[in-house]
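Derivation of every value follows stated rules applied to the coordinates shown; laboratory data play no part. Here the structure is a predicted model, which is why all the values come from computation and not from measurement. Here Cβ is always computed from backbone atoms with ideal geometry, including for glycine, and neighbour counts include all displayed protein chains.
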Amino acid sequence: MRTIPFGKPIFGDEERRAVAEVLEGTTLVHGPRVKQFEADFAAFTGAPHALSVASCTAGLHLALFDLGIGPGDEVIVPAQTHVATAHSVEFTGAASVFADAEPRTGNIDLEQVEAAVTGNTRAIAVVHYLGLPVDMDGINAIARKHDLFVLEDCALAIGTYYKGTHAGLCGDAGCYSFYPVKHMTTAEGGMVITKHDDVAARLDKKRAFGVDRVVGTRKMPGIYDVTMLGYNYRMNELEGALGCAQLARVPGFLEARNRNYAALEKGLAEIDEIDLFWSGDADYVSSRYCLSMILADALADRRADLVNALKAEGVGTSVYYPKPVPHMTYYAEKYGHGPESFPVAARISYQGIALPVGPHLDEQDMDYIVNAVKKALHEVKHG
Ligand SMILES: Cc1ncc(COP(=O)(O)O)c(C=O)c1O
């Protein structure tokens, strides 16, 4: 039997050496590794500006905080996303207004976005669900019409391209996550990219207390002024060093993800009891975060049995995401969303099983997963 974990960070001598070098010195923040990681990330994505932050959530919050929104304002958020996308709105005091997903991709439904716009709407947040890009021309058209900021949650989108542009550069700002199961990791960490000089200049200050001069640019050590409110959302040098080493591996990681995804998709395509999402084309290039299969309605209440059967075969799975965000208790109670609301996101959340395609696996693992899925379905259906 094989053991196939859902996600597994891949480290080698480069990562170990990079972190050890930081520990040989005394510069743990405000150092060259974080700067280098930002430059490398900007080069990889083609971003004019890349600003490292403590996490994707910190980056999302920072971008919305910078808009100056608060109570009385509204931000449109996908129902089908990680809670971080909505939490970052809530931190500002603005209200999260949810839009359901479209069934073909799991991405935010543009008609619902348009319908959700009111005179109080200030921004649209989108997530490139499982790495498949959102129709950003459509989102930008709505945003232009109503003068809205567009925030891209790119937590799963390193290697996602919409019409040739890397995710995060189609809207006004994009935020990345380097949490361990993501495309690359710095343990915890994130990055904000933007094409706007003014946004970058403000976020640079607001991620570090709003001080006017960071360490290294001060005329006299310890002397600075504070010109605006800011958080401590910085990335540290250990994370920056890891980031440089990991980013160098990303092209190889993406190749492996593509290969694995294609093999898994082909193997699962003929199975009647599951639906697969559209996998993209030249204009919609997915980063292939994972492959989520959606169980047919007749098997909806057998998901736990299937997950257990796969586990018994050594196949690790996950769920993206466990509930539509508006069904999470905090949001359901605050905004009064019932269990029947957001039915498309609900079907994806409650009937989905996410299978791994990461670079820790190869095509033989994918064949193994396909057979394990077939076997598990057979067992569940025929006892
Ligand atoms: C879509 C999405 N946004 C944001 C986050 C949060 O990222 P972080 O842990 O870096 O704050 C996640 C984490 O899984 C995510 O999936």
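Side notes on the structure shown:
- Euclidean distance of C-alpha centroids, segment 196-269 and segment 66-111, integer Å: 22
- Those aspartates and glutamates that a straight Cα-Cα span of less than 15 Å connects to Lys205, excepting residues fewer than 8 apart in one chain: Asp66, Asp197, Asp225
- Of Asn260, Asn236, Asn371, the one that fluctuates the most in a GNM where the chain has Cα springs shorter than 10 Å: Asn371
- A simple count of charges around Phe98, restricted to other residues whose Cβ falls under 11 Å of its Cβ and scoring Lys, Arg +1 and Asp, Glu -1, yields -3.
- Order of Ile4, Ile142 - criterion: other Cβ atoms within 10 Å of each residue's Cβ, fewest first: Ile142, Ile4
- For the residue pairs Lys8/Lys163; Lys8/Lys311; Lys163/Lys375; Lys8/Lys374; Lys266/Lys375; Lys182/Lys334, the alpha carbons lie more than 28 Å apart in Lys8/Lys163; Lys163/Lys375; Lys182/Lys334.
- Overall form of segment 320-383 per C-alpha gyration tensor (a/c, 1.5; a/b vs b/c): oblate
- Estimated [θ] at 222 nm from DSSP helical runs (n ≥ 4, -39500 (n - 2.57)) normalised by residues in the chain, nearest 500: -12500 deg cm²/dmol
- Segment 13-246 - share of DSSP beta bridges that are antiparallel (%, nearest 5): 45
- Taking His128, His49, His30 in turn, the Gaussian network model of the chain (Cα-Cα springs below 10 Å) assigns the largest fluctuation to His30.
- For Asn120, neighbours were defined as the other residues whose beta-carbon sits under 14 Å from its Cβ, and their charges (Lys and Arg +1, Asp and Glu -1) total -2.
- Placing +1 on each Lys and Arg Cβ and -1 on each Asp and Glu Cβ, with no other charges, gives segment 251-382 a dipole about its Cα centre of roughly 360 debye.
- Taking the Cα centre of the chain as reference, the dipole from Cβ charges on Lys and Arg (+1) and Asp and Glu (-1) amounts to some 840 debye.
- Looking at segment 249-353, the GluC sites (Glu not before Pro) that sit in a DSSP loop and have at most 10 other Cβ atoms within 10 Å of their own Cβ are Glu270, Glu340.
- Ordered by the number of other Cβ atoms lying within 10 Å of each residue's own Cβ, fewest first, Glu15, Glu152 fall into the sequence Glu15, Glu152.
- For Ala18, net neighbour charge (Lys/Arg +1, Asp/Glu -1) across residues whose Cβ lies under 13 Å away: -4
- Cα-based shape type of segment 167-274, given that a ≥ b ≥ c are square roots of the gyration tensor eigenvalues and the cut on a/c is 1.5: prolate
- Residues Arg33, Arg16, ranked from the fewest to the most other C-beta atoms within 10 Å, line up as Arg16, Arg33.
- Over the C-alpha trace of the chain, radius of gyration and Dmax come out as 21.3, 76 angstrom.
- Cross-link reach is defined here as a Cα-Cα straight distance under 21 Å, omitting same-chain residues fewer than 8 places apart; for Lys206 the lysines meeting it are Lys35, Lys195, Lys219.
- Rg(Cα) / (2.2 N^0.38 Å) computed for segment 251-382, rounded to two decimals: 1.12
- Tensor-based shape of segment 136-221 (alpha-carbon gyration tensor, a/c under 1.5 rounded, otherwise prolate or oblate): oblate
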